[in-house]
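Undergrad: Let me give you the structure first, and then I'll get to my questions.
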2 protein chains.
Amino acid sequence: MPLIRDPSYARVESSDIDYFRGLLGDTGVITDSTALQALNQDWMGKYEGKSTVALRPKSTEQVSKILAHCNARRLAVVPQGGNTGLVGGSVPLFDEIVLTTTNLNRIISFDEVSGTLVCESGCILEELDRHVGGHGFTMPLDLGAKGSCQIGGNVSTNAGGLRLLRYGSLHGTVLGLEAVLADGTIVDTLQTLRKDNTGYDLKQLFIGAEGTLGVVTAVSILCPPRPSAVHVSYLAVPDFATIQKVFVRARQKLGEILSAFEFLDQQSLELTLEHLEGVRNPLPDTQTPFYLVVETSGSNEAHDYEKMEGFLEEVMEEGWVLDGTIAQDSTQTAAIWGLREGISVALKHAGAVYKYDLSMPVPEMYSLVEETRQRLAGLPVEVVGYGHLGDGNLHLNISTKHYDENILKHIEPFVYEWTAARRGSVSAEHGLGQMKADCIGYTKSQEAVKLMGQIKRVFDPNGILNPYKVLPQDGASRGDHHANAMAA
Amino acid sequence: MPLIRDPSYARVESSDIDYFRGLLGDTGVITDSTALQALNQDWMGKYEGKSTVALRPKSTEQVSKILAHCNARRLAVVPQGGNTGLVGGSVPLFDEIVLTTTNLNRIISFDEVSGTLVCESGCILEELDRHVGGHGFTMPLDLGAKGSCQIGGNVSTNAGGLRLLRYGSLHGTVLGLEAVLADGTIVDTLQTLRKDNTGYDLKQLFIGAEGTLGVVTAVSILCPPRPSAVHVSYLAVPDFATIQKVFVRARQKLGEILSAFEFLDQQSLELTLEHLEGVRNPLPDTQTPFYLVVETSGSNEAHDYEKMEGFLEEVMEEGWVLDGTIAQDSTQTAAIWGLREGISVALKHAGAVYKYDLSMPVPEMYSLVEETRQRLAGLPVEVVGYGHLGDGNLHLNISTKHYDENILKHIEPFVYEWTAARRGSVSAEHGLGQMKADCIGYTKSQEAVKLMGQIKRVFDPNGILNPYKVLPQDGASRGDHHANAMAA
C-alpha cells in the first residue's frame, strides 16, 4: 500500500517535546530510538512506522492534555495498547506520535454481587482475569495474546477470541467506557449499570473503532461467574459437512454450557506439530481432514461431565466422529488448548504468513480454503484453515518462507471478493487497521461508510487520531462495486 | 410539560395526502379520526397527540420515499410500532405524521444452524417466538407486552424485559439492522454474522434511539436454542438485604441456567391480587415484605431440577427464605409469571400511576422505595416496588386514583436526583420518550449529551424524526448540575 504522508499534519518539534516532558516528566516521553523501535513495529514484523516520540501518560487528564495539544498543533497520534494486533492498527505509518496506554493500569473497582469490573485501559487481560478470578468471576473474553494484550485494545478492536460463543461480544458485556476525544474532551460513560436507556449508546461507537474516534482510558465490564467445571474434548471428523452436524448436536446436548467450538484442518495440525515445540497430538493414531476442540464451562462437575460424555457417545454412534478424547485433567486440557492456540505462533515460526480473518455462513466456510489451495497450487505455500466455527469465523492463513508480491496477487482481491459475494465480513475480529483500510466496501455499503466518515468528523474534526486506518483515505474503497451488487 | 409546537415544521397539506395516497394506496393512508385516535394515544391514556394522518408502508422503499418527501417538506414524523411504550415515545405531541410499521411484517429468513432470524420490523414479538420455537430456538427477549409489541419497537427502545439476565441486551444479540434515515437513505447493515469488525458498529446507534435517528425497517437477531427444561420457584424473603444473599447464592448454584431473578414487594402483591382477576397467591399462608421469582432455563430436565431443588434447600436452611415453592407443571409456572407480569396491568386497573424505571447498584435499590413512601406519607397513594433485581432494575410505581400535579411535585425531581446521586439511570429500559426528554442530564454527562446532539444532526439534519423526544429541546437538561457534580 504505497500511501503518502498527509502533508496537512504538522511535524513534531522540540517545543512539542518540551511540552510533553513538562506534562509527563522525562520517563513519560520516549525518544530513544532503541526503545522506540518496539513501539514502531508490530509483533509480526510486518508493519513499521517512523515515529520519533512515544508518550506514556499515567492518567486520563494527561491523555486529555496530550490530545488537546496535538489537536491544536495538528499532530497525528496512534493510540497503542499491548501492540498485539494483526492488521497494523496500533503502529504508525509515518511519524505519528505513539500514545501508549501501558501506564494506565489501575484496577478501579470490582463489585462481587454484580460481577462488574472497572479498570483503566492499560490493564493486561490475563492479569484482570486473575484479579476477578480471586472473587469467583472470569473475564468474558479470552484470546491467545492474553498475556500481553490490554483491555483498552481489546475494546478498541472489539476482540472476539475463544469464548465469544458463550459470553457474547464486547458490545454486550462492556457496560461503560471513558474515552478522550481528539480535542481533549473526556467523555465519561463509565456506568456500571446492566441497563441504561438514556439516549444513544455512545460507548458502542468506541468499541471496534480502533482508536480512530477517541482514546479509551477506562472500561466497565460485566464478568460472568467463573465456571467451576471445565471440560474439553478433541474430536476427529472426516469432512466439513459432518462438522456442522456435530455443531448442531453440541448446541442441543451441551446447551448452555457449550463455551467453545473450534476447528482446525489437518494442514494446521501438521504445521503446528512441526514448528512449535512442546505441542503434542492428542489423537496420534488417527489421521483425518478435520479436528474439533469442544469445550464446556459450567457450575456442576458431575452434570457437565455427564453431558459431555453423552454428547461424545452420540456423535460417535452416529459415525460423525471417528475418534475422540475428553481431557481428564488440567494438563490434558492445557495440551489441547495449547495446540489450538499455538497455530498462530507456529505459523509465525514457519516464515511469512498472509492472514485472513473472515466470517461467513458456516456451510460455505471451508470451500474458501479449498478454492484458495487450488488457486495457489504450484506456488511454494501451505494453505491452512482453522477458527471459531461456532461463530462462523474462519482464519485462513497462507504460509510461505518470505513475503512475495506475486503470491499476494493470487490471494487478493480473490479472498475479499469471494467473501463479499457471500455477504461475509472481511474482518471478523481483527479489525481493519492499515492492512484493510481500503477494504471496508467489501462488507459495508456506501451509505454506511459515508455515515462512518461523518461520525469520524464529529469526533475528530482534524483527523489526528490513528490516520490512514479503518476508513479509506479518499472516501472510496476497493469493495464498493460488491456492496452495490449486493444492494441491487 | 407545556411544550410548544416548533413552528419550523410544515403542516400537512392536501397535496401531501395526495402524494402519500399515490405511493401507498388508499389503505396505506389513514385520515379517519376514529382510526387515528388509537394511533394518537398511548395505551395508558397518558399521552395524546393531534396527528391528522398516519401512514402504513409495506416496504422499505415506501418508507424511504415517505421520509424523503417529509424531509424535503419539513414534515415531522413519529415512527410507531406496537405502541406499547411507557414514556410516550411512539405517539405525536402535536400534528406529527404517524408512520406505523405494522405492515412491515414479513419474516425474511431463519437459519437453523446458527439460529439467526431476519425479519421486518413490524413483526410481533410473540409471533416471532412462535416461529423460531418451531425450529427449536427462542427469541432472546421476553416482556409483558409480547403479544402486541413489535421487534422494531423493541430494538428502537432497546427493550430489556424478563430474560436479559440470561441472554443479555439487544446490543449483543442484534446482529444487523436495516434503517431509513430522515432523507430517505436506506442504511443496510442487515448482516447475519456473529462477528464483523469492519468499521464503526452503526447499528448500535439505532438500538435505543427511539426512532430519532432513523426508522428501523428490518432486523437480524441471534436466537438461542429453546430451553427444553424451565423451572420457576417463588420464594418469600424477610428483607431486602437477604434478597442479595439469595441472589449471590443463585448465581453460584444455578450458574448458567439462571434465567430470571425478579422481586416484588408485599404492596405489589396485594395491589395485584386486588385489581387483577384470575391471579392467585402462590404462597397464601405466608406474609412477608418480599417475594422472588427465580427461573432456570436449561437443556436437561433432571440436572436442572436437581440444581433448583438444591438451591432452594440451601437458602431455606440458611434461613434466608421463609417459604418457597417450585412450580410443578406449566399451569403453576404460568400462574407465578402471571402474578409477576400482571403487576403493571393491575396498576393500570387501580387508577392513575406514576411509573419510574430506574437502574442503580442493587444494595441501594429498595431504599428509594422506602424513602418515597415516607415522602408521600399522608397522600392518597400506594407506593410499590418490583423489578428485575438481577439486572439492578427497579420499577418504582406510585398508584393513585387520579393524576394530580401536587403528587407529582412530591415525586419529581426527588426520584431523579436520588438516582443520579447514586450514579444510576433514570431510564433503565423504558427509554426517555417525551416523559423524560429533559432528564438525560441526570444520567449522562454534558459532553455525552453534546455528542448525541451532533450525531442527531448527522443522521437527521432537519430534525424531522420523532421531535420533542429523547434529547432536551434547548440543549440543556434538568439533571445537568448532577452530571457536573459527578464529574467533579
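Undergrad: Which angle from 0 to 90°, rounded to the nearest 10, does the C-alpha axis of helix B:446-459 make with the longest principal axis of chain B?
TA: 50
Undergrad: Another one. To the nearest 500 deg cm²/dmol, what mean residue ellipticity at 222 nm is calculated for chain B from DSSP H runs of n ≥ 4 alone, each contributing -39,500 (n - 2.57), summed and divided by the residues?
TA: Here the helix-only value at 222 nm equals -10000 deg cm²/dmol.
Undergrad: Now for a separate question. So if I take the alpha carbon set of the stretch B:229-347, get Rg, then get Rh from the Kirkwood formula, what is the Rg over Rh ratio?
TA: 0.95
Undergrad: Given Cβ point charges of +1 (Lys, Arg) and -1 (Asp, Glu) and nothing else, what value in debye, to the nearest 20, does the dipole of the protein assembly as shown about its Cα centre take?
TA: Charge dipole, the protein assembly as shown, about its Cα centre: 2400 debye, nearest 20.
Undergrad: Determine the dipole magnitude for the stretch A:229-347: charges of +1 sit on the beta-carbon of Lys and Arg, -1 on that of Asp and Glu, nothing else is charged, the reference point is the Cα centre, and the result goes in debye to the nearest 20.
TA: Computed about the Cα centre, the dipole is about 260 debye.
Undergrad: Over 22 Å apart: what share of the alpha carbon pairs of the stretch B:175-283 falls there, rounded to a whole percent?
TA: Beyond 22 Å sits 61 percent of the P(r) for the stretch B:175-283.
Undergrad: According to the Cα gyration tensor, what semi-axes, each the square root of 5 times an eigenvalue, does the equivalent ellipsoid of the stretch A:1-107 have, listed from largest to smallest in whole Å?
TA: Computed over the stretch A:1-107, the values are 21, 18, 12 Å.
Undergrad: Let me ask another. Using the alpha-carbon centroid of each, what span in Å lies between the stretch A:101-161 and the stretch B:314-343?
TA: Spelled out, the Cα-based centre of one part sits 37 Å from the other.
Undergrad: Determine which lysines satisfy two conditions relative to B:LYS245: a Cα distance under 25 Å, and not lying fewer than 8 residues away in the same chain.
TA: Within the straight-line limit of under 25 Å, B:LYS245 reaches these lysines: A:LYS195, B:LYS253, B:LYS307.
Undergrad: Over 20 Å intervals from 0, what percent of Cα-Cα pairs in the protein assembly as shown sits in each interval?
TA: Histogramming the protein assembly as shown at 20 Å steps yields 14, 46, 35, 6, 0 percent.
Undergrad: Less than 20 Å from a label point 7 Å out along the Cα-to-Cβ axis of B:ARG5: which backbone N atoms in the stretch B:80-123 qualify, by residue?
TA: Residues B:80, B:89-100 fall inside that zone.
Undergrad: Oh, and also: For peptide A:448-455, how many partner chain Cβ atoms fall within 10 Å of a residue's Cβ, on average?
TA: Partner Cβ neighbours, averaged per residue: 6.
Undergrad: Go through the stretch A:72-143 and name the trypsin sites (Lys or Arg not before Pro) that are in a DSSP coil and have 14 or fewer other Cβ atoms within 10 Å of their Cβ.
TA: Answer in residue order: A:ARG74, A:ARG106.
Undergrad: Write down the accessible area per residue of the stretch B:107-222 in Å², having rolled a 1.4 Å probe over the full set of protein chains.
TA: Normalised by residue count, the accessible surface of the stretch B:107-222 is 23 Å².
Undergrad: Shifting gears a bit: Work out the mean other chain Cβ neighbour count within 10 Å for the residues of B:169-182 and drop it here as an integer.
TA: 3
Undergrad: Continuing with this model, one more query. With θ set to phi - 60°, apply the Karplus curve 6.51 cos²θ - 1.76 cosθ + 1.60 along the stretch B:160-175 and write out the HN-Hα couplings as whole Hz, x wherever there is a Gly or Pro.
TA: Those phi angles translate into x, x, 7, 10, 4, 3, 8, 9, x, 7, 4, 4, x, 9, 6, 8 Hz.
Undergrad: Cross-link partners among lysines for B:LYS65, C-alpha distance below 22 Å, same-chain residues fewer than 8 apart left out?
TA: A:LYS450, B:LYS203, B:LYS456
Undergrad: Short version: ³J(HN,Hα) in whole Hz for each residue of the stretch A:341-357, in order, from phi by Karplus 6.51 cos²θ - 1.76 cosθ + 1.60 (θ = phi - 60°), x for Gly and Pro, what are they?
TA: 6, x, 4, 4, 5, 4, 4, 5, 4, 6, x, 7, 8, 8, 10, 10, 10
Undergrad: Write out the GluC sites (Glu not before Pro) in the stretch A:72-160 meeting two conditions: DSSP loop, and at most 15 other Cβ atoms within 10 Å of their Cβ.
TA: Of the GluC sites (Glu not before Pro), the ones in loops of the stretch A:72-160 whose Cβ has at most 15 other Cβ atoms within 10 Å are A:GLU112.
Undergrad: So, with a 1.4 angstrom probe, what is the percent of accessible area on chain B that is carbon and sulfur?
TA: Ligands and nucleic acids excluded, carbon and sulfur reach 49 percent.
Undergrad: Please compute how much accessible surface disappears when B pairs with A, both sides summed, using a 1.4 Å probe, and round it to the nearest 100 Å².
TA: Rounded to the nearest hundred, the buried surface is 7000 Å².
Undergrad: If you take the alpha carbon radius of gyration of the stretch B:107-222 and divide it by 2.2 N^0.38 Å, what ratio comes out, to two decimals?
TA: The stretch B:107-222 yields a ratio of 0.98.
Undergrad: Which order do B:LYS65, A:LYS50 take by accessible area at a 1.4 Å probe, largest first?
TA: A:LYS50, B:LYS65
Undergrad: In Å³ and rounded to a whole number, note down the convex hull volume per residue for the Cα atoms of the stretch B:283-427.
TA: 142
Undergrad: Under the rule of at least 5 residues apart or a separate chain, name every residue whose amide H is placed under 5 Å from the amide H of B:ALA428.
TA: The list, which skips near neighbours in sequence, is A:ASN197, B:ASP357, B:LEU358, B:SER359.
Undergrad: Under 1.5 on a/c is rounded, so check that first for the stretch B:391-430, then, if it is not, pick prolate when a/b is larger than b/c and oblate when it is not; a ≥ b ≥ c are the square roots of the alpha carbon gyration tensor eigenvalues.
TA: Cα axes put the stretch B:391-430 in the oblate bin.
Undergrad: Continuing with the same structure: By how many degrees, between 0 and 90 and to the nearest 10, does the Cα long axis of helix A:266-275 differ from the longest principal axis of chain A?
TA: 70
Undergrad: Can you list the HN-Hα couplings for the stretch A:416-432, worked out from phi with the Karplus curve (6.51, -1.76, 1.60; θ = phi - 60°), rounded to whole Hz and with x for Gly and Pro?
TA: Values per residue, Gly and Pro as x: 5, 5, 4, 5, 4, 5, 9, 6, x, 10, 7, 9, 6, 9, 7, x, 9 Hz.
Undergrad: How do B:GLU447, B:GLU277 rank by accessible surface area computed with a 1.4 Å probe, from largest to smallest?
TA: Sorted descending by solvent-accessible area, the residues read B:GLU277, B:GLU447.
Undergrad: Expressed as an acute angle from 0 to 90° and rounded to the nearest 10, what is the orientation of the C-alpha long axis of helix B:301-317 relative to the principal long axis of chain B?
TA: 60
Undergrad: Within 10 Å of each Cβ in B:297-307, how many Cβ atoms from other chains are there, averaged over the peptide?
TA: 4
Undergrad: Can I ask one more? Where Rh is the Kirkwood radius over the Cα pairs of chain B, the temperature 37 °C and the viscosity 0.692 mPa s, what D in µm²/s does Stokes-Einstein return?
TA: 140
Undergrad: How many nm separate the modelled label positions at A:GLU301 and B:ARG457, each set 7 Å beyond the Cα in the direction of the Cβ?
TA: 6.2
Undergrad: How many percent of DSSP beta bridges within the stretch B:14-100 run antiparallel, rounded to 5?
TA: Given both bridge residues lie in the stretch B:14-100, the antiparallel proportion sits at roughly 35 percent.
Undergrad: While we're here: Averaged per residue, what accessible area in Å² does the stretch B:14-100 show with a 1.4 Å probe, protein chains only?
TA: I get 39 Å² per residue for the stretch B:14-100.
The values are calculated or read from the model by the stated rules, or taken from the named source; none is laboratory data. Only a predicted model underlies this, so the values are computations on that prediction, with no experimental measurement involved. Here the Cβ is made from the backbone with ideal geometry for all residues, glycine too, and neighbour counts use every protein chain on show. Just the protein is used for accessible areas: all its heavy atoms, side chains included, with ligands, DNA and RNA removed. Shrake-Rupley method; radii C 1.70, N 1.55, O 1.52, S 1.80 Å.
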